[in-house]
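See structure below.
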Amino acid sequence: MIEPLKVGVIGLGFFGLRHARIYAEHLCAELVGVCDRDPERTSEATRITGAAGFADYRALLGLPGLHAVSICLPDRLHEEAAIAAAEAGKAILLEKPLAHTASAARRIMEAVERNGIRLMVGHILRFDPRYVQTFHAAAPERLGEPIHLRAKRNGIRSTARRLGGASSILFYMGVHDVDAMQWIARSRIRRVYAQKRSVLGHGNEDALYAVVNFENGAIGSIDYSWAWPDGLMNGFRSALEIVGTRSATYLDSSDQGFFTVEDQGTSGGDTHLWPEVNGRIAGDLADELDHFVKATLSGQPYLQDPREALDAIPVLDALARSAETGLPVEVER
């Protein structure tokens, strides 16, 4: 019988607690420790999972026999924790984005390569069947030459309020579509021109729109917002399309296929990302962690090379610079 992957979770916010629950239920994993600076979060996670709780991730990394960690901290805290995990020799599943700047992302990659450990970045859309099918539909033999792409990801104000200045619309939401567009287009973004608005006072942008140029000649548009009122069904809406010389393909994830209608209005629910089904977290996040566990145990490559995840961060940096200056910016890699 194969020894289970002994794993810990660093950061027990919205995603970290879900990581912990999925590992605790996984047949090939053993959740041995969880960590957060907030003792209430740690206490809740230990109560739910039975894992040991820690206030300092360095103590978690020192657990005997620990093989791997999920790092689910805010993106501006990724660098220190990821480098410490790499130096401790642990395989890492790092929630997106890789880091909050391109220079920090490169330092993480250098530590990973220097210590010979494995890194997977949690780009959940790589496990979403809608985006995977769009990727295959956009294969060159079907799509032809890409002409243009469009990505939309809109969220609600309470998300912006919850994050405050801890992240940004680009690094919290935008990294999804930058990675997806480069993946689906089979080409990197080389130049960006962005504008933003900040009106609601949440400590970050309310909206950011951009035109982007790909190395293969395609043009693209990006529409990001978390200015929608909290009544937006499901709390978000996203879409992506790519049009080529032979065909076009389009996805819209706003409709989750589930609605509840009451006198107060209509509401929906998550049926793809991390729905709870029969008491267990299922969907894209569960598939992502399942892949991390099994690929780490077997030695098989992760679905996404971390250098592809790294490739999205300079684009985000360029979008931020363009939005600040009002000028087009070349992506520096």
Any idea which of Ala295, Ala309, Ala286, Ala282 is buried (at least 21 other Cβ atoms within 10 Å of the Cβ), among the small types (Gly, Ala, Ser) and closer than 17 Å to Ile22 by Cβ? Ala286
For region 227-272, what are the residues that are of a type in the set (Lys, Arg) and either without any contact (Cβ under 8 Å) to a residue 40 or more places away in the chain or buried (at least 16 other Cβ atoms within 10 Å of the Cβ) (or both)? Arg237
Please state which of the following conditions Val9 fails to meet, knowing it meets all the rest: (1) within 20 Å of the chain's Cα centre (by Cα); (2) within 26 Å of Gly279 (Cβ to Cβ); (3) in a loop (DSSP other than H, G, I, E, B). (3)
Here is a list of conditions, (1) open to solvent by less than 10 Å² (accessible area, probe 1.4 Å); (2) free of Cβ contacts under 8 Å to residues at least 40 places away in the same chain, and Pro64 meets all of them except one; can you say which number that is? (1)
How many residues does region 213-240 hold that are small (Gly, Ala, Ser), in a loop (DSSP other than H, G, I, E, B) and either within 24 Å of Val132 (Cβ to Cβ) or within 17 Å of the chain's Cα centre (by Cα) (or both)? 1
Tell me, please, whether a residue that is part of a strand (DSSP E or B) and either free of Cβ contacts under 8 Å to residues at least 60 places away in the same chain or of a type outside the set (S, T, N, Q) (or both) can be found in region 40-47. no
The correct count of residues that are in contact with a helix residue (DSSP H, G or I) (Cβ under 8 Å, 6 or more places away or on another chain) and basic (Lys, Arg) in region 296-333 is 2
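The values are calculated or read from the model by the stated rules, or taken from the named source; none is laboratory data. All of these numbers come straight from a predicted model, not from anything done at the bench. Neighbour counts run over all protein chains shown; Cβ positions are idealised from the backbone, glycine included. To get the accessible areas, we keep the full protein, side chains included, count just its heavy atoms, and leave off ligands, DNA and RNA. Shrake-Rupley method; radii C 1.70, N 1.55, O 1.52, S 1.80 Å.
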